[in-house]
Structures are given as structure tokens and as C-alpha cells.
Amino acid sequence: MSGEKVLIITKSDDNACIDDVSRALLARGAVPVRLNTDLYPTRTQISTELGNRQAPRRVLRSGDVRVDLDEVAAVWYRRFYAGRSLPHSLGDTRPACVGEVRRTLFGMIAALDCFHLDPLENVRRCDHKELQLRRAAELGLDIPRTLFSNDPDEVRAFFDVTGGRMISKMQHSFAIYREGIENVVFTNVIAPGDLEDLSGLAYCPMVFQEHLDKDIELRVTVVGQKVMAAAIDSQKWEHTKTDWRRDGIGLLHDWTPTTLPPDVEQGLLRLVSEIGLNYAAADFVITRDGRCVFLEVNAVGEFYWLEKSPGLPIVDSIAQVLLGHAPRLPIAIDAWRNHT
């Protein structure tokens, strides 16, 4: 339908994918509405009015722009930074204000009666990496032997189980900021000497996995029922063998289009459907002996570099799914709930 409004939940310094998806929506006769959540509530105002005998009324105002949010036909939940612009001069009231700001905006988004890519509760469901791996294995996907633990004795025992070939990583993006500089904790190979001091586990649990003999690594983007895969030879450089993200920029143009084996693709689609998503970014490893090993799926994983190189049509796919111009995945979260 011409003139449909699509609300894009993002931040003011997001990358150019927002502009590209907006252009793709405009080309299909839709109207993109950008909500920079980091500017709420200091520079963006949102009001919701409810009553027993009246339809909800929601209005977004940012500068001279005023939008009736009840006309929104779809939401793209891309990034969320509500409250970031609140001044630190608020002192000890700032954390409470940030919490209220986030709850209010989360609630407004959730209350919009339209298609969501993706509902916040489903995005959060994807955070359960242990359940994610277990369900992936039940659906027939090959997963690495994995230990989630803060127990040094269990970690040492797992090291023996893996034949001394083990890596460590964090469940989610984990960064330490020193003097304003971001220091990301990447995946690391565990050597025998590392087992002598595991005292840090008392403060933060970690994930330990068998060290796979990688051939290539895959990033697989699911948009609706469309599966788009790209491969990278991370083994050609010593510093990227364990984690290609250590030189993501240097490998930017080395990604090539590829495909998943049909049974793996179907297993991934079932997993994404059970989590309740229509957008997901999954990581796989192809080992030297031919295993296609599932590592994880991220509900809001970055994709834009794959749009530019090797040119996967992700932007266009997002626009089509938002507008219902391409098949959406059926949501099968009851199957996921039965395994919680």
C-alpha cells in the first residue's frame, strides 16, 4: 500500500544502512520515519494517550517534524540507545531517569500494533546462548563441544576432554573502556599455562569450546525466508586465525558469496523461527574435515559490510519483509517455550 509509514528504531550515529533501507522503502512507495533513540527524551518527544472508549493516540515530535505513530505499518528494531543524551549534571538521579526513559520507550514500541522486525521480547530471547546451542543441536545442527562455567576445576577438566585444544570467549560483545578507548575481548586460544590462574572466573563466567580446525568461516544473514551467506578465509593471516574480528577492516573485501548445505539452511530457519525472528545473523565454521559447525545466532547482528562486499542484497530484503513484499518466517515460539 502506497504511503505506509515504517518506523526505524536506531541512533543518530548509526551507519549508512539506515539511509539505504530508507531509500529502498521510498522506492516502494513507503515513508520511512527515523527515531534516533539517543535523542529521546532530550530532543525528541513522544506522547501516548489511552482511554476506555477511544483508540490509542501516539505522537512523535522531533523539531518541526510531527508523526502520528498510529499510522505506522511496520517497525524495524535496529539499535536502541534511549537516555544516552541525558546530562550527567543530573547526578545520582541520572540512572533512575535512564531506567524510566528506557522502560517508557520500550513500552511504546511494544504497544505498536503492526509488524515488528523484530519484537523486543524475541530479540531478548536470542540472548540465551546456552538454550540456543542446545536447541540447535536438537534441530540437527552440528555444534562445538561447549562449557559455560565459572568453576576453575570444571574448566581444567574440559581442557582435558578437548585434548588440550580449547578456546575461550564471552557470550556477548564484551569491551573494557580505558581512557575512552574501547578494548574488545576477542576469542582466545587457551594454553596449558593459562589454567594455572583462573581466579578471574570468580568475577565473570566465560564460555569455553573445543578448538575447531577451521577451513573457512561463514556469516549467514536471514531476512524473512531468505538466507544469504558469505565466507571468509580467516586462516590466511596468523592474527585472524582464532577470531577474524581482530582485523575485520583488513578482511573487509575478502568475503565471498556462498551457500549453506540444504539441511543446515533448513535447521537454521527452524531455529530462527522458534526464537521468533525475521532477521538474524548467524556464525558458522567449515572445518578442515568438512563439518559445518553452528556457533551462534544474533538477533541484531551487523550486516552492512556484506551489503557492500560481496554485495549480498540484504538492504532490499529488509525493505521487502518490512512491507510484506517478501515471505516472512512463521513465528514458532511455542516450540522454543517448550524447551525453556
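The alpha carbon gyration tensor of the range 5-117 gives principal lengths a ≥ b ≥ c with a/c of 1.5 or higher and a/b no greater than b/c, which makes the shape oblate. Ordering Ile216, Pro313, Phe80 by Cα displacement along the dipole of the chain toward the positive end leaves Phe80 in first place; charges were set at the Cβ atoms of Lys, Arg (+1) and Asp, Glu (-1). Summary of the geometry: the range 270-293 and the range 5-56, compared by the centres of their Cα atoms, lie 30 Å apart. Using Cβ point charges alone (K and R +1, D and E -1), the dipole size of the chain about the Cα centre works out to roughly 1120 debye. Between Gly301, Leu133, Pro261, the Cα set farthest toward the positive side of the dipole of the chain (charges on each charged residue's Cβ, about the Cα centre) is that of Gly301.
Contact order for the chain, expressed relative to its length and based on alpha carbon pairs under 8 Å spaced 6+ residues apart, stands at 16 percent.
Calculated mean residue ellipticity, 222 nm, the chain: -7500 deg cm²/dmol, from DSSP H runs (n ≥ 4) at -39500 (n - 2.57) each, averaged per residue and rounded to 500. Each listed q (0.10, 0.11, 0.13, 0.15 Å⁻¹) maps to a log10 I(q)/I(0) for the chain from the Debye sum over equal C-alpha point scatterers, namely -0.69, -0.83, -1.13, -1.40.
Put a dot 7 Å past the Cα of Arg103, heading toward its Cβ, do the same for Cys292, and the two dots end up 4.6 nm apart. For Ile8, the residues 5 or more places off, or on other chains, whose built amide H falls under 5 Å of its own are Val33, Arg34, Leu35, Trp76.
Contact order normalised by length for the range 17-90, with contacts defined as Cα pairs under 8 Å and 6 or more residues apart; what percent is it? Intermediate results must be reported in sequence, preceding the final value.
Working: 71 pairs, mean separation 21.7, N = 74.
Taking the mean separation of contacting Cα pairs over the length of the range 17-90, I get 29 percent.
Values quoted throughout were computed directly from the atomic coordinates according to the rules given, and no laboratory measurement underlies them. Just so we're clear, the structure is a prediction, and the values are computed from it rather than from any experiment. Methodologically, a virtual Cβ is constructed for each residue, glycine included, from the backbone with ideal geometry; neighbour enumeration extends over all protein chains shown.
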